[in-house]
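A short write-up of the structure that comes next.
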2 protein chains.
Amino acid sequence: MSFDVLQDKIRAMKNPTVAGLDARIEYVPEHIRRAAFEEHGVGLKGAAEAIYQFNAGLIDALCDVVPAVKPQSAYYENLGWQGMEMLERTIRYAKSKGLFVIADIKRGDIGSTAAAYAEGWLSGASIEGQQFKSFDADCVTLNGYMGSDSINPFLKAAKEEDKCVFVLVKTSNPGSGELQDIVAGDRLVYQVMGDLNERIAAGTEGKYGYTMAGAVTGATYPSDIRALRKRLEHTFFLVPGYGAQGGTADDVRYAFDKYGHGAIVNSSRGIMCAWQKTGGDGHDFQEAARNAAIAMRDDIKQFVTIV
Amino acid sequence: MSFDVLQDKIRAMKNPTVAGLDARIEYVPEHIRRAAFEEHGVGLKGAAEAIYQFNAGLIDALCDVVPAVKPQSAYYENLGWQGMEMLERTIRYAKSKGLFVIADIKRGDIGSTAAAYAEGWLSGASIEGQQFKSFDADCVTLNGYMGSDSINPFLKAAKEEDKCVFVLVKTSNPGSGELQDIVAGDRLVYQVMGDLNERIAAGTEGKYGYTMAGAVTGATYPSDIRALRKRLEHTFFLVPGYGAQGGTADDVRYAFDKYGHGAIVNSSRGIMCAWQKTGGDGHDFQEAARNAAIAMRDDIKQFVTIV
């Protein structure tokens with residue numbers, strides 16, 4: 001019913017970071033690609049298999065360093081249903097290795113439709129009175145533009161399963177301000193969204209004081225994060241934008257509370273694609289990813305101490 | 001590069017409506033469910049097959065009455081990858097019957113991620129220099145909370161393929177006002193979104209005067225639609241909320257321009273589930289859906305004349 005499960009994992013590992021699993025086929029080392037294309041042909045199936053091998057290797061290399069992974073649905077939908085089948089396998093494998101899985105899906109729709117999404121991603125579909133799980137993530141990201149009735153069905157499913165969600169508040173991309181930074185009375189639109197989100201989930205706080213509805217707050221806008229940390233005392237933060245998008249450890253430090261709790265920082269390309277910077281041919285992708293994840297952890301540890 | 005393809009189909013059929021394909025397993029008549037469960041077992045595969053048979057039957061019954069169908073991704077993701085495989089088949093079958101397919105996905109993400117989505121849903125993934133299409137819809141719905149860089153990659157893909165998109169502006173659900181109706185200077189948030197969207201796509205107008213970036217404007221807020229029609233002269237409207245959600249033909253009339261162009265009205269449950277109101281056992285689901293689609297068309301025709 002809250003972020004306790006994730007925060008416990010973060011504390012155990014002394015590492016408040018999450019590794020994105022957002023592979024495009026060109027991020028996969030050539031020897032893996034070639035083997036998959038030979039076995040399954042050059043196409044959606046071959047690409048999905050290559051990315052699965054890459055993901056599984058990353059999971060093996062990272063599972064005792066990071067507490068969580070975040071597959072971004074777009075990179076799986078990119079390959080059609082064969083990508084989605086591979087996403088199910090990736091989530092299952094990551095969970096089997098003890099990783100907390102945040103499915104980055106940014107869904108949001110009317111209540112009945114949101115309920116269908118929540119079943120698919122969190123609680124399972126009901127068929128002839130039985131529950132059947134498929135994507136079965138521990139947590140999903142949501143877009144709250146449509147209001148609280150687009151979020152509530154996810155909270156209901158998350159409660160049943162002791163899972164949680166993150167709602168977009170202030171995103172990391174260059175155009176985020178076009179809508180989110182607009183002045184609305186005495187607040188900005190993203191503050192309205194953050195306030196609404198904290199209110200929707202009020203009463204679901206766990207032992208660390210955070211509700212089950214976290215917020216996405218981009219590392220690329222550090223002063224906004226600092227203000228949001230004060231404003232949204234009970235909201236756990238997912239902080240994208242570290243690394244490839246330009247955010248630094250110094251930028252993300254203000255996402256954390258005084259105990260070093262209440263936030264997790266994501267890096268995707270910086271970890272996945274670390275092998276492209278070692279000068280090797282990709283056979284060292286696991287070691288490179290692991291080293292990059294350790295470097296990121298230690299970078300953030302300079303500024304954040306988790307008690 | 002615009003809504004010409006869809007508007008041409010609407011004119012040819014004199015019918016500005018789209019049928020939602022949003023089946024939950026309980027909407028499928030018992031004889032179809034039973035046959036699918038016997039062949040594939042009670043589970044995700046059996047449910048997906050039952051819904052496919054239902055969808056294909058609906059498509060056969062509706063393809064000479066309505067110009068377009070709108071599958072809602074949630075009802076396919078609900079069944080995991082097997083639902084997504086069935087969605088691909090549904091889209092392919094609908095297109096083979098001449099229907100325009102709007103994939104209701106409401107995606108929105110940072111630029112690189114939006115590009116991955118756009119490939120999956122519109123233009124195809126690039127693998128070893130070749131394009132591989134999967135979901136391959138004619139049009140998708142998007143959520144613009146993250147700003148123009150979350151929409152532009154879809155416009156790029158749509159341009160390449162002569163496809164188009166709809167961006168959420170004012171949605172049909174009860175909670176839509178919580179964010180969308182907030183006062184932001186001299187505008188409301190949804191007006192800001194609508195203005196931004198029309199500006200992003202400026203210059204892509206087709207022969208009917210509409211750009212390739214339409215807007216979702218819910219039938220449940222008719223006075224808002226009326227004002228938006230005046231405000232966004234070059235924006236094609238997708239109008240959900242007719243029927244089950246409470247919108248009437250009188251409510252949706254103002255979405256259209258003086259030629260009866262510029263909008264399409266959706267009904268999902270009212271058509272899909274029409275068989276549940278005939279007193280039969282579901283063997284008449286095609287006839288019931290067809291009659292409901294014709295009744296909807298004629299209902300709207302009372303107020304809207306398409307020239």
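The values are calculated or read from the model by the stated rules, or taken from the named source; none is laboratory data. Because the structure is predicted, anything quoted here is derived from the model rather than measured. Cβ coordinates were reconstructed from backbone atoms using ideal geometry, including for glycine residues, and neighbour counts include every protein chain displayed. Remember, those area values only see protein heavy atoms, side chains included, never the ligands or the DNA or RNA. Shrake-Rupley method; radii C 1.70, N 1.55, O 1.52, S 1.80 Å.
Taking each residue in A:82-90, count the Cβ atoms of any other chain within 10 Å of its Cβ, then average. What number comes out? Display every interim value, and only then the final one.
Working: counts 6, 6, 12, 5, 1, 3, 4, 1, 0.
What the average comes to for A:82-90 is 4.
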Worksheet item: Relative to the other copies, what are the label-point distances for residue A:8, with labels 7 Å from Cα along the C-beta vector, expressed in nm at one decimal and sorted shortest first?
Response: 6.0
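Place the peptides B:243-251, A:173-181 in order of packing, highest mean first, counting for every residue the other Cβ atoms within 10 Å and averaging per peptide. Write down the numbers at each step before the final one.
Details: B:243-251: 18.0, A:173-181: 20.7.
Descending packing order for the listed peptides: A:173-181, B:243-251.
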Item to complete: Pop the C-beta distance of residue B:248 and residue B:307 into the FRET formula with R0 = 30 Å and round what comes out to the nearest 0.05.
Response: 0.85
Worksheet item: In terms of modelled amide H atoms, which long-range or inter-chain residues lie less than 5 Å from the amide H of residue A:242?
Response: A:219, A:247, A:266
Worksheet entry | Shielding by other protein chains, A:121-128, mean Cβ within 10 Å | 6
Fill in: Å² of accessible area per residue within the protein assembly as shown, as computed with a 1.4 Å probe and no ligands counted
33 Å²
Worksheet item: Just the accessible area for residue B:86, please: 1.4 Å probe, Å², rounded to the nearest 10?
Response: 0 Å²
Response to the item:
Counting only residues 5 or more apart in sequence or on a different chain, those whose built amide H sits under 5 Å from that of residue B:259 are none
Practice prompt. Starting from the residue with the highest accessible area, list B:32, A:102 in decreasing order, probe 1.4 Å.
Written response: B:32, A:102
Practice prompt. Just read off the accessible area of residue B:296 with the full protein assembly in place, 1.4 Å probe, to the nearest 10 Å².
Written response: 10 Å²
Worksheet item: Accessible area, 1.4 Å probe, largest first: how do B:275, A:81 sort?
Response: A:81, B:275
Worksheet item: How would you classify chain B from its alpha-carbon gyration tensor, with a ≥ b ≥ c the square roots of the eigenvalues: rounded for a/c under 1.5, else prolate if a/b is greater than b/c, otherwise oblate?
Response: oblate
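Counting only protein heavy atoms and rolling a 1.4 Å probe, how much accessible area do B and A lose on contact, total for both sides, in Å² to 100? Can you show the working numbers first?
Working: alone 12970 and 12960 Å², together 20240 Å².
Buried area between the two chains comes out at roughly 5700 Å².
Please say if the stretch A:125-206 is rounded, prolate or oblate, where rounded means a/c under 1.5 for a ≥ b ≥ c the square roots of the C-alpha gyration tensor eigenvalues, and otherwise the choice is prolate for a/b larger than b/c and oblate otherwise? Display every interim value, and only then the final one.
Working: a/c = 2.74, a/b = 2.06, b/c = 1.33.
Taking the square roots of the gyration eigenvalues as a ≥ b ≥ c, the stretch A:125-206 is prolate.
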Discussion item. Under the convention of a label 7 Å out along Cα→Cβ, give the distances in nm from residue B:96 to the same position in every other copy, shortest first.
Written reply: 3.6
Response to the item:
Residues whose built amide H sits under 5 Å from the amide H of residue A:215, excluding neighbours closer than 5 in sequence, are A:167, A:236, A:237, A:238
Item to complete: For residue B:26 paired with residue B:92, estimate the spin-label separation in nm (one decimal), with each label point 7 Å from Cα along the Cα-to-Cβ line.
Response: 3.2 nm
Worksheet item: What order do you get for A:3-12, B:118-127, B:90-99 when each peptide is scored by the mean count of other beta carbon atoms within 10 Å, highest first?
Response: B:118-127, A:3-12, B:90-99
Worksheet, complete the sentence: Sorted shortest first, the nm distances from the residue A:246 label point (7 Å along Cα→Cβ) to its counterparts in the other copies are 4.4
